[in-house]
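One structure is given here, and the rest of the page talks about it.
The values are calculated or read from the model by the stated rules, or taken from the named source; none is laboratory data. This structure is a prediction, so every number in the text was calculated from the model and none was measured. Every residue, glycine as well, gets a Cβ built from its backbone with ideal geometry; the counts of neighbours run over all protein chains shown. Each accessible area value is taken on the protein alone, full model and side chains, heavy atoms only, with ligands, DNA and RNA left out. Shrake-Rupley method; radii C 1.70, N 1.55, O 1.52, S 1.80 Å.
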Amino acid sequence: MHRVYKYVLPDVAHELEKLKNRAELIPNPELRMQALNSIQDKKFHCQGGGVYAAANLQYRTVLIPLIVALQTISDYLDNLCDRSTSLDAEDFRMLHQSMLDAVTPGASLKDYYAFREEKDDGGYLHHLVSQCQQQIMLLPSYSAVQFHVTHLVSLYGDLQVYKHIAKELREEKLLGWWEEHKFEYPHLQWNEFAAASGSTLAMFMLFLTATEEGITEEDGIRIKNIYFPHVCALHILLDYLIDQEEDKAGGDLNFCNYYESEATLVDRIAMIVNRARKDVQELPASGFHRLIIEGLLALYLSDPKVQQQSDVRKVSRQLMKKSPLTRLFFFVNSVWIRKQQA
């Protein structure tokens, strides 16, 4: 936490300020608004992702600009799709091609707005893609993890396409997509796989892994399998858990609504928490990654949205029952960080 407060949070803030200054210059008013909103409303995503740089401070000047740029692409595109002027899968697919290009050094920049009315962002999205590519080139072992990063980004893009198309098509497309992957994860439900696909944490973990010399492709797949699906699923299910009321009001799809009861919801998330804890024990610095898990629980369960939803409060209390002291520590830190940002 000393590293996070002294190095990570200030560096993330510096990167976001630079991106905010760029976003303010976007000519198209709709794109400008969504870019600025994504930075303002979702900066805690970048702060959370930046924590991975605390595990290798020597590379923080590479990891933090990379993580902030990729997470900002994700948040910006999520805003564009959530509040889209279209429900066109081709549009959403082309927008998310930017994320694939961002993690592919040497990939050419494209017209990512080709299928939508709003186009002129003044080079904002191209800048984010180029920043990712430039930082990735500085990771000594990226070639060993690139395939797995690209696979995760592809899953992320699939999810964003299927969850944002016309409402009557969403579940059908998501279930069809699950049919292609369920043999790999027979213990998961379709909504849990979808949730895991919506997380960027495994990508960030692979970036951190790539800072080490001599990483092999076998190391890459082992790390990917440790983080995906359980750590990733936990991350996004907690996000959906606290957003249930908001999503219901907006008519948005929420993966926590597909459990038959509140008890099942608690049991399934608890199972995923336990599997995630067990998975990260296989990592050399398992303590750091265990803190990531406890930090996720604390960050989301301390969110003010929890207090505004009685059902979510009950679920939160159930999940906190077996809380170790580390989670209490992070809970206090999460509340403190939010007060500083208010």
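Data table
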item	result
Hull shadow area, averaged, segment 121-198 [alpha-carbon convex hull, nm²]	7.0 nm²
Proximal aspartates and glutamates to LYS110, defined as alpha-carbon separation beneath 17 angstrom and excluding residues fewer than eight positions away on the same chain	GLU90, ASP91, ASP101, GLU118, ASP120, ASP121
Segment 6-32 and segment 135-156: distance between their alpha carbon centers, rounded to Å	24 Å
Contact order normalised by residue count of the chain, Cα under 8 Å, 6+ apart, percent	14 percent
Listed residues SER141, SER286, SER199, most fluctuating in the chain (Gaussian network, C-alpha, under 10 Å)	SER286
3J(HN,Hα) from dihedral phi, segment 25-33, Karplus parametrisation 6.51/-1.76/1.60, rounded to Hz, x for glycine, proline	9, 5, x, 6, x, 5, 5, 4, 4
Segment 24-115: equivalent-ellipsoid semi-axes (sqrt of 5 x gyration tensor eigenvalues, Cα, Å)	25, 16, 11
For the chain, convex hull of alpha carbons as volume per residue, Å³	131 Å³
Shape of segment 61-100, Cα gyration tensor, a/c cut at 1.5	oblate
Under 22 Å from the Cα of LYS163 - lysines, other chains or at least 8 residues apart	LYS42, LYS173, LYS182, LYS248
Distance from segment 37-71 to segment 265-290 (C-alpha centre basis), Å	22 Å
Radius of gyration and Dmax over the Cα atoms of segment 227-279, both given in Å	11.6, 36
Loop sites in segment 208-304: GluC sites (Glu not before Pro), DSSP, at most 16 other Cβ within 10 Å	GLU212, GLU213, GLU260, GLU282
Gyration tensor (alpha-carbon) shape descriptor, segment 160-205, a/c threshold 1.5	oblate
Hz values of 3J(HN,Hα) by residue in segment 108-117 - Karplus curve (6.51, -1.76, 1.60), Gly and Pro given as x	6, 6, 10, 7, 6, 9, 4, 10, 9, 5
Carbon + sulfur, % of accessible area of segment 76-179 - ligands and nucleic acids excluded, 1.4 Å	53 percent
Between segment 158-184 and segment 232-263, the Cα center-to-center distance that results, in Å	16 Å
Accessible area of segment 1-125 divided out per residue, in Å², using a probe of 1.4 angstrom	42 Å²
